[in-house]
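Engineer: Just dropping this structure here.
The values are calculated or read from the model by the stated rules, or taken from the named source; none is laboratory data. What you see is a predicted model; the values in this text were computed from it and never measured. Cβ: placed from backbone, ideal geometry, glycine included. Neighbour counts: every protein chain shown. Accessible surface areas use protein heavy atoms only, side chains included; no ligands, DNA or RNA. Shrake-Rupley method; radii C 1.70, N 1.55, O 1.52, S 1.80 Å.
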Amino acid sequence: MSAGELLERSLAYALGSVAEAGRVSPGRDTPCADWNLGELLDHLDDSLDALYEGLTGGRIGLLPHADRVCGFRTRACAVLGAWAAGPPEEVLVGERPLDVRVMAAVGAVEITVHGWDVARACGREWPVPEGLAAELLPVAECVVGQEDRGVRFAGPLAVPSHARAETRLLAFLGRRL
């Protein structure tokens, strides 16, 4: 599967997961211990903003934008449109070059897993599609290192090796089903 298809599937999943977020208090707890629902939605918006910057300008700034005018759905559509328009081959993150396909795959992990977090915070069971989880797991395993634990992600949780891909992905990123 191409990085663009992976990004598209992750955005479709996340769009479904945020469907109920407007009906829930932004102060509600999430599976991300340090963030409430409002903060998590802001983080998701920052992630989409960074993807859009990379796809349309070939550069991702290191500081988030203060612009929250675009809603999650609008920004998700903009990201997909930017990908369809033909992204650059390489994106600068600060001054470091990054292959745009890597950016899209990492963005897909971020969007999907935080989409799951949002759904959980809203009291919804919204499983990550098995095929999507199976494709995201090796990406997560490549980009989340021990130095990220306790800072960006909780420690991995033990699950049987024969567990569903969704379970293994979420557990690797410190989430309990």
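Engineer: Convert each backbone phi in region 19-32 into a coupling constant with the Karplus relation 6.51 cos²θ - 1.76 cosθ + 1.60 (shift: θ = phi - 60°), then list the ³J(HN,Hα) values in order as whole Hz, x for Gly and Pro.
Structural biologist: Going residue by residue, I get 4, 9, 4, x, 9, 10, 4, x, x, 5, 5, 10, x, 7 Hz, with x marking Gly and Pro.
Engineer: Next up: At a Förster distance of 22 Å, what's the computed FRET efficiency of R176 paired with R152, Cβ-Cβ distance as r, to 0.05?
Structural biologist: So the FRET efficiency works out to roughly 0.80.
Engineer: Also, I was wondering about something else. When only the heavy atoms of the protein chains count and the probe is 1.4 Å, how do H162, H43, H114 rank by accessible area, highest first?
Structural biologist: Output order, biggest surface exposure first: H162, H43, H114.
Engineer: Can you name the helices of the chain, as whole DSSP H runs, whose Cα span along the helix axis is 27 Å or more and whose Kyte-Doolittle mean is not below -0.5?
Structural biologist: 37-57, 100-121
Engineer: Of all GluC sites (Glu not before Pro) in region 73-168, which ones are in loop regions per DSSP and have a Cβ with at most 15 other Cβ atoms within 10 Å?
Structural biologist: E89, E95, E125
Engineer: Mind checking the full-extension length gain between E95 and D42? Use 0.36 nm per residue of separation minus the Cα-Cα distance, one decimal, nm. Please list the in-between numbers first.
Structural biologist: Working: separation 53, 0.36 × 53 = 19.08 nm, distance 2.47 nm.
Roughly 16.6 nm would be gained on extension.
Engineer: Could you put D29, D148, D42, D99 in order of accessible surface area, largest first, with the 1.4 Å probe and the full protein assembly present?
Structural biologist: D29, D42, D99, D148
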